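K.L.:
Got a structure for you, written out below as structure tokens; questions coming shortly.
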Amino acid sequence: MGLVKAEDLVIKFSVYGSRGRSLKNTSLRFATGGRLGTDESDNIVVTAIDNISFEWREGDRIGLVGHNGSGKTTLLRAIAGIYEPVCGSLNVRGSIASMLSITLGMDSEVSGYENIIMRYTVLGIKRSAITQMIDEVIDFSGLGDYIHMPLRTYSSGMSMRLAFAISTSIRADVLLMDEWLSVGDAEFSKKAEARLRKLVDNAKILVIASHSSSLIEMVCNRVVHLEHGKILSHT
Amino acid sequence: MPAPNPRVEAMVVVIGVKGGYKPLSSHIFNILNITNPWKEQWYSSQSGVSVKWQRDELEESGRRMLAPMTESFPKKSSYELAVTDFSDGLRVYPMWMFLAWQEIVARYRRSVLGPFWITLNMAIMIFTMGPIYSSLFGQDLKTYYVFLSTSVVIWGLISALVNESCAAFIGAEGFVKQMKLPFSLFIFKMVWKNIIIFFHNFLVVLIIFFFFPPDIGIHVLLVPFTLLLVCLNAIWFGTILAVVSARFRDIPQIVNSFMGVAFFITPVMWQPSLLVGREWVMNANPLFHFMEIVRGPLIYNTMNYNSLQIVCISTLVGYALMFYVFQRHRARIAYWL
């Protein structure tokens with residue numbers, strides 16, 4: 001059995017507080033977004049993932065591509081376990097690192113050093129392990145003395161470098177990433193590429209949602225093309 | 001140095017029948033012919049998430065607090081999943097203790113008084129209300145100060161636990177949508193944060209105890225246990241409120257209004273002994289009983305065993321109710337946020 005396997009997966013969102021009386025009962029097609037429909041109580045229902053099946057095994061580096069609103073983030077969240085399937089099944093075996101937002105847990109009023117600790121704590125790393133990893137992260141991010149300044153004094157590129165350094169030090173069996181990999185200046189990008197390669201090599205399955213075809217080419221060996229919640233093509 | 005290998009989570013989601021089943025409440029709503037606000041009949045409640053959470057025993061263990069791994073994919077019942085959610089929430093106690101403390105620190109950062117600006121509000125209220133209301137009620141100022149300070153501080157804890165629990169999941173939307181965390185974590189974080197604030201406020205009480213010593217006896221040793229009972233009740237009540245508030249966004253406002261009124265109905269400013277002939281008003285009010293079991297041992301050196309009984313029964317019944325509500329709607333909370 002593969003590490004990530006979906007069978008007829010359906011994820012629907014009920015948009016509460018909206019009335020669908022102006023919508024026809026048949027589903028409508030738009031350029032972006034999941035399919036809209038209505039349910040019995042006339043609430044609008046968005047079908048974000050519409051009956052998809054796939055099986056990804058160890059060694060797969062999956063690139064999710066598609067228009068905005070095609071269901072990439074929803075699929076990533078479903079694999080992370082945030083959205084439990086409405087119909088169908090989704091099986092994931094292995095440890096999951098959901099790097100959908102690399103700044104989760106960071107507070108702009110706190111120093112960079114403490115933010116590293118906060119970020120790791122939110123990822124579930126124990127204190128004893130944090131102390132071992134923190135020096136390497138500070139070194140890689142190249143922030144120098146700024147590490148003891150509050151995060152609000154950083155430029156956005158600097159805080160992204162820090163977040164990138166922390167997030168790429170995590171190892172997991174299934175790694176989920178959502179469109180955040182273009183960070184830093186040219187000098188940092190070279191370092192980042194090497195670190196990213198090491199991260200990718202350490203993950204058994206990597207799933208990246210991205211619009212950048214160069215990144216997909218560099219990292220991924222299979223591409224899943226989503227549109228309106230359905231898989232258009234799957235290499 | 002070996003590269004770290006933290007294992008985050010493993011989840012298996014197995015969904016059963018397409019179309020789901022109709023919950024009991026929908027049958028009741030149909031019979032009573034009223035609109036069912038919970039009507040979401042196209043989703044399957046038989047979602048089984050099979051997670052075997054275990055401590056990471058490998059050589060790089062200690063990296064992770066949550067280390068679930070699955071070897072097979074048996075479907076778990078929703079009750080099992082609810083219980084698993086709670087046990088995982090308890091297991092990651094460093095995370096929610098840390099987050100609770102960060103929330104408090106964030107509040108008093110760059111302030112003059114530091115942590116004690118939380119206490120200031122309480123102190124002002126007690127020192128200004130004391131002389132006025134003691135003469136209104138015809139009470140001796142010394143005894144009234146002791147009563148008022150403990151009552152206000154305990155009420156502060158109870159009302160904060162009730163009011164903040166409504167926002168527990170709503171406020172955590174950022175976390176819930178980025179990574180899979182046990183929902184109970186947010187409840188525990190809220191309770192812990194309010195316990196810390198309670199102990200900050202308790203300093204005001206201690207100052208008053210220093211000047212006007214009350215009747216402290218052996219029963220004061222019961223106070224930590226009764227406080228724990230209050231917290232346990234806050235957990236079940238808070239979970240139900242948080243779940244309901246995530247779905248219906250007017251619940252936090254309604255709860256706030258109730259607690260505002262409850263402040264006057266519960267003996268917080270006025271002594272319980274003053275209410276002669278209408279004791280049923282107090283006895284029917286569960287908040288009164290929660291206050292009694294903490295306040296009684298502390299300043300009167302007695303324990304109101306009737307109140308204690310009621311609190312214990314409410315704990316047992318409450319947890320049963322909470323698990324029913326939680327397992328029923330846990331999978332949908334992320335969709336509501």
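K.L.:
Collect the residues in region B:98-119 that are in contact (Cβ under 8 Å) with a residue 12 or more places away in the chain and of a type in the set (Val, Ile, Thr), keeping them in residue-number order.
P.N.:
Across region B:98-119, the qualifying residues are B:Ile104, B:Ile118, B:Thr119.
Residue by residue, here is whether (1) in a loop (DSSP other than H, G, I, E, B); (2) at pLDDT below 85; (3) charged (D, E, K, R) holds:
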| position | (1), (2), (3) |
| --- | --- |
| A:Met1 | yes, yes, no |
| A:Val10 | no, no, no |
| A:Phe13 | no, no, no |
| A:Gly17 | yes, yes, no |
| A:Asp42 | yes, yes, yes |
| A:Asn51 | no, no, no |
| A:Val65 | no, no, no |
| A:Ser70 | yes, no, no |
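K.L.:
Let me ask something else about it. Out of all the residues in region A:138-147, is one or more facing chain B (nearest Cβ under 10 Å) and of a type in the set (Asp, Glu)? Even if it seems obvious, please write down each step before you answer.
P.N.:
Filtering region A:138-147 for residues facing chain B (nearest Cβ under 10 Å) gives none.
No - not one qualifying residue is present in region A:138-147.
K.L.:
Another question, then. Can you tell which of B:Ile132, B:Ile154, B:Ile126 is modelled with pLDDT of 90 or more, closer than 19 Å to B:Pro272 by Cβ and not charged (D, E, K, R)?
P.N.:
B:Ile154
K.L.:
Search region A:95-117 for residues being more than 7 Å from chain B (Cβ to nearest Cβ), among the hydrophobic types (A, V, I, L, M, F, W, C) and out of contact with any Pro (no Cβ under 7 Å at 6 or more places or on another chain), and hand back the single one that is surrounded by the most Cβ atoms within 10 Å (Cβ to Cβ).
P.N.:
A:Met99
K.L.:
Taking B:Ser135 as the residue in question, decide whether it is in a helix (DSSP H, G or I), over 23 Å from B:Ala234 (Cβ atoms) and either without any contact (Cβ under 8 Å) to a residue 60 or more places away in the chain or in contact with a Phe, Trp or Tyr (Cβ under 8 Å, 6 or more places away or on another chain) (or both).
P.N.:
yes
K.L.:
Something else now. I'd like the full set of residues that are at pLDDT 90 or above and either among the charged types (D, E, K, R) or touching a Ser or Thr at 6+ places or on another chain (Cβ under 7 Å) (or both), limited to region B:91-114.
P.N.:
Passing the criteria: only B:Phe98.
K.L.:
If you check A:Leu104 against the conditions, is it modelled with pLDDT of 85 or more and part of a loop (DSSP other than H, G, I, E, B)?
P.N.:
Details: modelled with pLDDT of 85 or more: yes; part of a loop (DSSP other than H, G, I, E, B): yes.
For A:Leu104, the condition - modelled with pLDDT of 85 or more and part of a loop (DSSP other than H, G, I, E, B) - is met.
K.L.:
Out of the residues in region A:42-64 meeting the condition of being in contact with a Phe, Trp or Tyr (Cβ under 7 Å, 6 or more places away or on another chain) and touching a residue at least 40 places away in the same chain (Cβ under 8 Å), tell me which one is surrounded by the fewest Cβ atoms within 10 Å (Cβ to Cβ).
P.N.:
A:Ile62
K.L.:
Here's a follow-up. Are there helices (runs of 4 or more DSSP H) fully within region B:168-265 with at least 1 residues that are within 30 Å of B:Thr128 (Cβ to Cβ) and under 18 Å from the mean Cα position of the chain (by Cα)? List them. Steps first, answer last, please.
P.N.:
Values: elements: B:173-176, B:184-211, B:223-247, B:251-265.
Fully inside region B:168-265 and qualifying: B:184-211, B:223-247, B:251-265.
K.L.:
Scan region A:81-94 and tell me whether some residue there is away from every other protein chain (no Cβ under 13 Å), in a strand (DSSP E or B) and out of contact with any helix residue (DSSP H, G or I) (no Cβ under 9 Å at 6 or more places or on another chain).
P.N.:
Filtering region A:81-94 down to residues away from every other protein chain (no Cβ under 13 Å) leaves none.
Scanning region A:81-94 turns up no residue that is away from every other protein chain (no Cβ under 13 Å), in a strand (DSSP E or B) and out of contact with any helix residue (DSSP H, G or I) (no Cβ under 9 Å at 6 or more places or on another chain).
K.L.:
A follow-up question, please. Just a yes or no: is a residue in region A:99-113 in the same structural domain as A:Leu9 (by TED's automatic domain parsing), over 20 Å from A:Ala203 (Cα atoms), of a type in the set (Ser, Thr, Tyr) and over 14 Å from the mean Cα position of the chain (by Cα)?
P.N.:
No: zero hits.
K.L.:
Return the only residue of A:Arg197, A:Arg171, A:Arg152, A:Arg127 being surrounded by fewer than 19 Cβ atoms within 10 Å (Cβ to Cβ) and within 11 Å of chain B (Cβ to nearest Cβ).
P.N.:
None of the others qualify; the one that does is A:Arg127.
The values are calculated or read from the model by the stated rules, or taken from the named source; none is laboratory data. Just so it is clear, the model here is predicted, and its values are computed rather than measured. Please note: Cβ atoms are built from the backbone with ideal geometry, for glycine as well, and neighbour counts cover all protein chains shown.
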